[in-house]
1. List the residues, sorted by chain then number, that are 5 or more residues from L240 or on another chain and whose placed amide H is less than 5 Å from its amide H.
2. Which of the trypsin sites (Lys or Arg not before Pro) across region 183-277 are loop residues per DSSP, with 15 or fewer other Cβ within 10 Å?
3. For region 113-191, state which trypsin sites (Lys or Arg not before Pro) are in a DSSP loop and have at most 11 other beta carbons lying within 10 Å of their beta carbon.
4. Just to confirm, what accessible area per residue do you get for region 1-92 at 1.4 Å probe, in whole Å²?
5. With the Cα gyration tensor of the chain giving a ≥ b ≥ c as the square roots of its eigenvalues, does the rule (a/c under 1.5 for rounded; else a/b larger than b/c for prolate; else oblate) give rounded, prolate or oblate?
6. With +1 assigned to the C-beta of every Lys and Arg and -1 to the C-beta of every Asp and Glu, and no other charges, what is the dipole magnitude of region 140-232 about the Cα centre in debye, to the nearest 20?
7. Just to be sure I understand the rule: take each whole DSSP H helix in the chain, project its Cα atoms onto its long axis, keep it if the span is 18 Å or more and its mean Kyte-Doolittle hydropathy is at least -0.5. Which ones pass?
8. Full-extension gain between E316 and Y100, please, as 0.36 nm times their residue separation minus the C-alpha to C-alpha distance.
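The values are calculated or read from the model by the stated rules, or taken from the named source; none is laboratory data. Being a predicted model, the structure only gives us computed values, none of them experimental. For neighbour counting, all protein chains shown are included, and Cβ atoms are generated from backbone atoms with ideal geometry for every residue, glycine included. Just so you know, the surface numbers come from the protein's heavy atoms only, side chains and all, with ligands and any DNA or RNA stripped out. Shrake-Rupley method; radii C 1.70, N 1.55, O 1.52, S 1.80 Å.
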Amino acid sequence: MATEKKVVMVTGGTGLVGKAIETVATAELKRDDEEWHFVSSKDADLSDVAATEALFEKIKPTHVIHLAALVGGLFRNLKYNLDFLRVNNKINDNILNTSYKHGVKKVVSCLSTCIFPDKTTYPIDETMVHNGPPHNSNFGYSYAKRLIDIQNKAYHAQHGCHFTSVIPTNVFGAYDNFNLEDGHVLPGLMHKVYMAKKNNTPFTVWGTGSPRRQFIYSLDLARLFVWVLREYEEIDPIILSVGEEDEISIKRAAELVVEAMEFKGEVKYDTTKSDGQFKKTASNGKLRKYLPDFKFTPIEQAIKETCDWFVANFEEARK
Ligand code: NAP
Ligand code: GDP
């Protein structure tokens, strides 16, 4: 018996995570019974109900990976908490409700480990999302993301929908946002080292360098996303992360970028800049129960590949 074709729509399909999913879903993990559509804000402003409806009418997805969001690093979040809350609430509500109305069979949305409670025990796991207030630096983004999990449960309870979510740690890779003010730490450090090398100036890391992060390479995250879409049956979220033992300091991350870009100049720390959350160490125990043999790309290799991509694509890269 022929299986029905899946029509998978990826919102935020032109961003860091979307591009990585496109790379793996259309090549190494390609399946003939899936048709993939990667959409961006040019296809529809998803904060608008009518535009969202029109997009679903056009593509008629049976499955949705929902990535589209107002996204940014610590320093963008600190400035725009209200925008992060309002815009992301609108986008998420539109995607989930339109998916329900169109009978979409499965939606996988994207949360983040920075939405967990600020005051917590470690490691953090999937049961702790709503345990207490998030860190003050990004409370707008965090509450909007937490509400996705609440909506997933409510759509399941009231309508039997299969809407679920994943919780990645800090992502990096090709097609990231390398903007110095708005972006995340690794693309920011790569851009700064590039400029320091070019101008023969010092490379300045913001904050003390002591906070700790678990970084996941966008291609590894993409492989896991495709697995979640195809195989994961729970409504409850799943953390997609390297192990606790692979958490590194911002200082170590900066050293890896320096090594990958062969920068020989001075490295400075601007301690007047915020450190943000000290750590958000997450357990990947649940993921490991499902996929004990999944191999993450070594961080040295992933950082090197991303630096090489940034240098080769400097003109077109988002910055
Ligand atoms: P990104 O590179 O900034 O991409 C954002 C994507 O969302 C772009 O395709 C953008 O379209 C689209 N988008 C933004 N506003 C939109 C709107 N109003 N209507 C339609 N599309 C809109 O972000 P990313 O890093 O790939 O993040 C993807 C998902 O992963 C997000 O949900 C984010 O919260 C989550 N996440 C990211 C990280 C991380 O470290 N980056 C960590 C954990 C979770 P245009 O290209 O047209 O602007
Ligand atoms: P977070 O993980 O959500 O806090 O977001 P980021 O990816 O922006 O990481 C922020 C951490 O990296 C903080 O400890 C910052 O002080 C530190 N950091 C060091 N240099 C930079 C930089 O150039 N850009 C950013 N975004 N963060 C930096």
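1. I167, T169
2. Answer in residue order: K264, K273.
3. K119
4. 50
5. prolate
6. 180
7. 185-199, 218-231, 299-312
8. Fully extending the segment from E316 to Y100 adds 74.1 nm.
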